[in-house]
1. Which residue fluctuates most in the GNM of chain B (Cα springs below 10 Å): B:181, B:377, B:199?
2. Whole number please: convex hull volume per residue, Cα atoms of the stretch B:47-105, in Å³.
3. Sort the stretch B:159-275 into rounded, prolate or oblate with this rule: let a ≥ b ≥ c be the square roots of the eigenvalues of the Cα gyration tensor; rounded if a/c is under 1.5, and if a/c is not under 1.5, prolate when a/b is larger than b/c, oblate otherwise.
4. Counting only other chains, and only Cβ atoms inside 10 Å, what mean value do you get across the residues of A:200-210?
5. In degrees between 0 and 90, to the nearest 10, how far off the longest principal axis of chain A does helix A:329-343 point, with axes built from Cα atoms?
6. Tell me the distances, shortest first, between residue B:90 and the same position across the other copies, using label points 7 Å along Cα→Cβ, in nm to one decimal.
7. Apply the a/c threshold of 1.5 to the C-alpha gyration tensor of chain B and tell me whether it is rounded, prolate or oblate.
8. In Å, what is the Rg of the alpha-carbon atoms in the stretch B:165-220, and how long is Dmax?
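We did not get these values from a lab; they are worked out from the coordinates using the rules stated. Because the structure is a prediction, the values reported are computed rather than measured. Ideal geometry is used to build each Cβ from the backbone, glycine not excepted, and the neighbour counts take in all protein chains shown.
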């Protein structure tokens, strides 16, 4: 079944909100073998929404919208549903009661405006919303399935996971797709592509995508087959060849992240790590602790944004800062060593650099980053020269440091 | 001029990449008064791309694509251009030279596959790419403007800012739009809407949107006018009324963030802050240091993820941890006080909580967060009960702590 995802909201088309919803839905549907073929975004404008719905229902079997179900005036998905499906809105007492109950539990009076959310199209199926007052709406008609979800990400995600996926799974038929993602880092896209295309011939029923991001390049295999086993076999076979070809650059698969992979390696070895961060300001610690349960392998760290903190907390010598400077190999070494002793950990990572846009010089340009690693065995640092973008430089530094640790733990040269 | 943005790539429709590109473009074009009416995403599939291009060129005057210009096999935007515009690809020697030069500067041999990127459509205008080897392609034909940009965010952004915006600005005519964003925090969307609609009558030429996010609810005014001054006047007038109505909940406008607003307040007062983070793991420090130049007001912090670090670094008493626990008001107070003394700052913020999904109990459920603030004047803490989502809870805690500091500095009760 082909799918079109339509995200609704002026804030999406004007770019004042990044559309993470359609990415989440795309991933979830692809995983159950549906083919997301189109995504469209339109503003809070009845005519354009109506047009987008009509185009979607013509070219896809499943159309899922997010947004435009809130209580405020700019939310008008239901009006578009009324026009396209020619169904009236009916007041649902039970839905209103649930909304009231939700506010009661939070100890807040329900604002009168929320009554609108109990007005819902006739003859539709409703998906209960655990986190908010806008229920999901589902209309199945003439071989087409239409689903409208709220735009608040947490609410939309719960509805997709708990309601929409089980519902669509029960209807699914026909060709299937198997997706495998392999994650690499430390090699640029074109070099990776040359390495792969020179060694592997790829079948035309398989699509191999290269997806670069600050943490590396992902390889995404999409194999089509006549049934699950067939698609699975094609995808797995290519994945095997890729793993062999890509070698040390491969750090994980699917939902693995450098954070989770490093975490697992440490937990398996009953070891702990800590961090000393300058230009990343806490981003490395934040990345490590996105993983639930990371307290098992992460003790904490020092955000030594100022030189004073490097001296006071990490024991970096003032002389060293005066001669080599804060962005230098000796400073990265001293930060890593200082942090490891302070936090009594097996490994410490340190990051010091010039994130930009200001603060660069001829000798130390923006994007220059030193990453230090200290363990019982040795303390060393690596120099990196990233680009000119602050956000990008900080992300690159975080992932480069985690990759340094991964290779150190595994003894990869 | 109506605009359609088309983002191309399997990774976008399957959701394996979040489409931040179209948000960036949407914002940039809205700011110069163009109306982004549609966004579409399609996979790396020639037929679908061709169809999307044709629909776009029919319903919008400006069509901008991102993605599909890379050197690898899955990048096929140029093939779609050939089909839709009936133009041949021609080898551009000068473009190849520039690509080679770029690799030379990085000390890498150009992979042979990059030669493809010098094959470009006949009779097009090219926008130079500072950060990569895919140039921007622009075709103006029959009153329509078509622009193809690479999908790598840093490259696309540079091309939009340096090339596309100046180019489109020079062509612009007709009705204009003025957008004003007001940023609020500490109040939920529906309460804000009731507060506003009960006091202000909004003209039909103006659209007022409510955009909730973990840091609060933004109000986005889009006013249409016959010229710049007209649109500006309408938008400014409503903004004035909103500022008055919303009062203390308003923390900024446009590109202001809580991080930047708090930073400015501290710099104006020649004061410094530091942080002590438990459940947020460095995210508060990271947020503060997204602002270039934040070393002027931010000394650093301790990521006290484990209890040991709270004791060793911040001087939290072991007894206190044993009796009240790490997620408690006394612990938040001790962390803030400890951090302020350790880092010799005017203000310290502390965050300790249960981010989830595990670790909750009847007495201390997931989402419970204590935020402490210590200054020369006083040390206090506030209790927050957020939701069940780890990522969301951590973001909410970061913004709630910054808002606490903003109000403390300004003396807002």
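1. B:377
2. In the stretch B:47-105, the Cα hull volume divided by residue count equals 112 Å³.
3. oblate
4. If you average over the peptide's residues, the count of other-chain Cβ atoms is 3.
5. Computed tilt is about 70 degrees.
6. Result, one decimal in nm: 6.5.
7. Cα axes put chain B in the prolate bin.
8. 15.3, 43
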